[in-house]
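The next block holds one structure in the form of structure tokens; read it before the comments.
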């Protein structure tokens, strides 16, 4: 196994040159792959089936040879081979805890905890009291974050969700400095405090919040910062129950730095090939985790890698934000097309009642056909097509090849907006 | 310096005299330390005229009034944030818990505290290789996380389930081949009943070997059923949120042993003196714990003292099953409910003339009924009031009110306790 003594500290890793870090990451990656192949039967099976040997994987680029494993695969594997589907690399009774997430899916507690966070040492939280409102029961959220906070030196109040009035009282009595949980629950607590006659900014000591776990937290974050002077730390932390913390925001609020405790790839979800920085793709994680080594775990979440240096001094690439789920998006000629974008491009044309985008692949080239049902047949179809074409290219950065006008009712009401019919 | 104790495997075989000598030495140091570091303890000792340097053992503290749960509530108000009771600054604690009051219980860090907790976890039969569902609550109160850590330090794999989600609990027990359960008796029975409803055979489909079910009085007949019908060994523990685990049942199953590392007294609440073996008294403890040195903490729990030697070989004193509470607080489904929690909640309902919470125990489950007498029946939306009362009072007591009964004038006597215990075991 790897020599643990020579391993650089997370703080050092985050500030290395890209080249030095890559060397370090590849060393650890080779170690965990050999280990996982030996200890986790499901990893061996996946490698053998793909005809890949652990020693074939020398560089991060080589990882492309290994098929990904996704949440759905894990659920199916756990079902046929309970409880951990062949991914547990240690005896089950050596685990400290076992969690369950919706799926159902069992998650073992890792030695690395919920990940190394932003590389903050135990001095980071010194002297601060933080309220952790993630639930401590069943799923790994509450206890995972709890451990992370305690490791950073914080004093944690394990307050969980609910009991709003009591949460207000705790926040006031203990002069709580930080809040961890969903933005909407923080809003509920602030509203309750105001309803109880407090002036939140004056009567409370809440200086920062680490909020996430919900879509659309942006406007609340803005409100917390501007109206209540609560610093929303680094925007987000990106973590999943399966692989723990993947990326953490820094004080520059400039996206989330990827952890140095895992290999994080951005890939084309269809082919598993790695993409260049700036291109949008699926986040794939290989954590250096000796308990549950999920090699190439496909999160299903979309983002992109930003490689420019960050003002905080860390040199690790960043994920600007999570851009959606890969299941809904289709990559056409190198560009992801997401139903959110197509709705925006097409929805503004009142003449169109329904649409469906069909992607196929005749002669090794992606072809995109836009089928539309018209609300009114008596319109200038050519003009509509030209206007739509321009709009679509602007918003989706890719051009459709053809527009077919189809009879009313031929696109079912519950049809997918984008259909991928490609065969490779 | 700090508290240090020999191995508890050694202590549990000591003669009473040897044990007392050892504990007295530790207590002497602890009292001096608490006097220095915990301002409200200093005030309390000063008020009783006790000089720490003159304390050589527990008998020198006989005149120190007991520290009761109600005192704690006041102290936490008067000495924020930690009642002047904790010997380290709040930000040096790993966690702060919240018990009704509110009382802000510290997460303990003293070695002797964990020595005791690991010892109790082991003494009730948990060991490496066990996979245990912990259904004590992890949010806010110390119960869940404290037991979680005690189990993990014994090499046990813990599933932090908390209470609720009965069907999920059944699924987890089956799929993970869970070997042990820890929680309340009634919740354990809910899971068993649910499993049988789902068509499962407890003996064949589960791998359950041991259930530590406590927190409620009078589990006797149920525990017998669990052992005989389902082949699951049962055990019991005794704990309070303030000082953690205190006592455990050994394999001889004749009362609970007071754990090592605790200065233990049984005090008659009539005479204020130590009771004799076979008599009823209040459990009073001074755990050897330098983080949170509660000196002469009166638990409010009543039990019978047993001093005869136990067939298991341990020489530690034992207590019978709990017989009730001193004072008004009533332990219901494992949680203490206080009149002082009920009062502010009921003050929100001006239409109410009188009220009383009644705890009963039909079908082996603690049931909480709120009896309410209205000032007038006119213009009152009873359905809405019933819903509001249930929500507000359940929130305040942190335990669900099972029923709200509107009663006629006169049913609740004018002079009455706000919470009464009518349980029959």
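List of remarks:
- Residue check: residue B:49 meets all listed conditions (1) surrounded by 12 or more Cβ atoms within 10 Å (Cβ to Cβ); (2) out of contact with any strand residue (DSSP E or B) (no Cβ under 7 Å at 6 or more places or on another chain); (3) in contact (Cβ under 8 Å) with a residue 12 or more places away in the chain; (4) not in a helix (DSSP H, G or I) but one, namely (1).
- For the stretch B:1-24, a tally of residues being surrounded by 15 or more Cβ atoms within 10 Å (Cβ to Cβ) and either out of contact with any strand residue (DSSP E or B) (no Cβ under 9 Å at 6 or more places or on another chain) or in a helix (DSSP H, G or I) (or both) returns 10.
- Residue match in the stretch B:109-123 (condition: surrounded by fewer than 22 Cβ atoms within 10 Å (Cβ to Cβ) and under 22 Å from residue A:159 (Cα atoms)): yes
- Residues that are over 17 Å from the mean Cα position of the chain (by Cα) and at pLDDT below 95 within the stretch B:145-168 comprise B:164, B:165, B:166, B:167, B:168, listed in sequence order.
- For the stretch A:131-162, the set of residues classified as surrounded by fewer than 22 Cβ atoms within 10 Å (Cβ to Cβ), more than 7 Å from chain B (Cβ to nearest Cβ) and touching a helix residue (DSSP H, G or I) at 6+ places or on another chain (Cβ under 8 Å) consists of A:161 only.
- Any chance residue B:199 is more than 10 Å from chain A (Cβ to nearest Cβ), surrounded by fewer than 21 Cβ atoms within 10 Å (Cβ to Cβ), part of a loop (DSSP other than H, G, I, E, B) and on the phi > 0 side of the Ramachandran plot: yes
- Of everything in the stretch A:83-99 that is in contact with a helix residue (DSSP H, G or I) (Cβ under 7 Å, 6 or more places away or on another chain) and closer than 17 Å to residue A:44 by Cα, the residue that is nearest to the other protein chains (Cβ to nearest Cβ) is A:84.
- Looking at the stretch A:143-237, the helices (runs of 4 or more DSSP H) lying wholly inside it that each contain 3 or more residues that are at pLDDT 95 or above and closer than 22 Å to residue B:139 by Cβ sit at A:164-173, A:183-195.
- Being crowded, with 23+ Cβ neighbours inside 10 Å, closer than 18 Å to residue B:248 by Cα, modelled with pLDDT of 95 or more and more than 9 Å from chain A (Cβ to nearest Cβ) is a property that holds for residue B:180.
- Exactly one residue out of B:41, B:87 is buried (at least 19 other Cβ atoms within 10 Å of the Cβ) and in a loop (DSSP other than H, G, I, E, B): that is B:87.
- Segments classed as strands (runs of 3 or more DSSP E), wholly inside the stretch A:364-424, with at least 1 members that are under 27 Å from residue A:272 (Cα atoms): A:367-374, A:418-420
- Restricting the stretch B:202-241 to residues that are assigned to a loop (DSSP other than H, G, I, E, B) and at pLDDT below 95, the residue that is surrounded by the fewest Cβ atoms within 10 Å (Cβ to Cβ): B:218
- Residue A:180 vs. criteria within 12 Å of chain B (Cβ to nearest Cβ) and either touching a strand residue (DSSP E or B) at 6+ places or on another chain (Cβ under 7 Å) or on the phi > 0 side of the Ramachandran plot (or both): no
- A single entry from B:98, B:156 fulfils the requirement of being free of Cβ contacts under 8 Å to residues at least 60 places away in the same chain, within 12 Å of chain A (Cβ to nearest Cβ), touching a helix residue (DSSP H, G or I) at 6+ places or on another chain (Cβ under 7 Å) and buried (at least 21 other Cβ atoms within 10 Å of the Cβ): B:98.
- Among (1) more than 20 Å from residue B:48 (Cβ to Cβ); (2) modelled with pLDDT under 95; (3) in a loop (DSSP other than H, G, I, E, B), the one test that residue B:260 misses: (2)
- Selected residue (criterion: farthest from the other protein chains (Cβ to nearest Cβ)) from residues of the stretch B:122-146 that are assigned to a helix (DSSP H, G or I) and in contact (Cβ under 8 Å) with a residue 60 or more places away in the chain: B:123
- Among the residues making up the stretch A:238-269, those that are outside any strand (DSSP E or B) and at pLDDT below 85 are A:241, A:250, A:251, A:252, A:253, A:254.
The values are calculated or read from the model by the stated rules, or taken from the named source; none is laboratory data. Given the structure is predicted, the values throughout are model-derived calculations rather than measurements. Note that we place each Cβ from the backbone using ideal geometry, even for glycine, and neighbour counts take in every protein chain shown.
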